[in-house]
1. What shape does segment 1-89 take by its C-alpha gyration tensor, where a ≥ b ≥ c are the square roots of the eigenvalues and a/c under 1.5 counts as rounded, a/b above b/c as prolate, and the rest as oblate?
2. Would you mind checking the pairs Lys35/Lys102; Lys69/Lys108; Lys12/Lys100 and listing those with alpha carbons more than 31 angstrom apart?
3. Using just the C-alpha positions of the chain as equal point scatterers, what log10 of I(q)/I(0) does the Debye formula give at each q in 0.12, 0.16 1/Å?
4. Could you give the nm distance between label points at Val99 and Glu31, where each point is 7 Å from its Cα heading toward the beta carbon?
5. Looking at the chain, do any whole DSSP H helices span at least 30 angstrom along their long axis by alpha carbon and average 0.5 or above on Kyte-Doolittle, and which?
6. May I ask you to derive the FRET efficiency for Lys5 and Ile148 from their Cβ-Cβ distance with R0 = 45 Å, giving the value to the nearest 0.05?
Amino acid sequence: MMLVKLFLEFCKIGVVAFGGGNAIFPILHHELVEKLQWISTQDFLNFVSIAETTPGPIGMNLSTFIGFKLAGFPGALVATIGYVFLPFLFMLVVATVAVKIKDSKIYKRFLIAIMVVVLVLLTRAAYLMVAGGFHDFRPYLLSLVVFIAFMKFKKLNPIYLLIISGLIGMFYF
């Protein structure tokens, strides 16, 4: 029964996952931590940290990790499939229709509205991560230093940037 609940919940979450992984954090947090109480806020923040550093889409990684926490490997598989199932079907329909309506004013306004929703969700995600995960200024300072280094040395390979950030974080914190 838990697998069916996982599939349906992640179908519901996946269908509103406009804007990618960071935009989905507040929705996942509200549904899984606050409403269903399947995981704790600390577990959620830990999963966010891991999902940010593992390859692949963040929202799908979060679904996989949360599904695994709740029901082992079958839960991970069901949550991941649930997360991508409805968006996949939706995109099949949209891809066939979008070619015909791409110059429509209604379609363009819809895309603008989606951008506003994504901005609000990203702001909420930032708030959740700051309010629950960081208790001092050092992570912010580290992020600022890494960002400035990246901007100054634009040719710096992002892989090296991740390795350097990880090493600094590991040794300093």
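We did not get these values from a lab; they are worked out from the coordinates using the rules stated. Keep in mind that what you see is a predicted model, and the values were worked out from it rather than measured. Here the Cβ positions follow ideal geometry from the backbone for every residue, glycine too, while neighbour counts run over all protein chains shown.
1. rounded
2. Lys35/Lys102; Lys69/Lys108
3. -0.68, -1.06
4. 3.1
5. 58-101, 105-133
6. Efficiency, from the Cβ-Cβ distance: 0.50.
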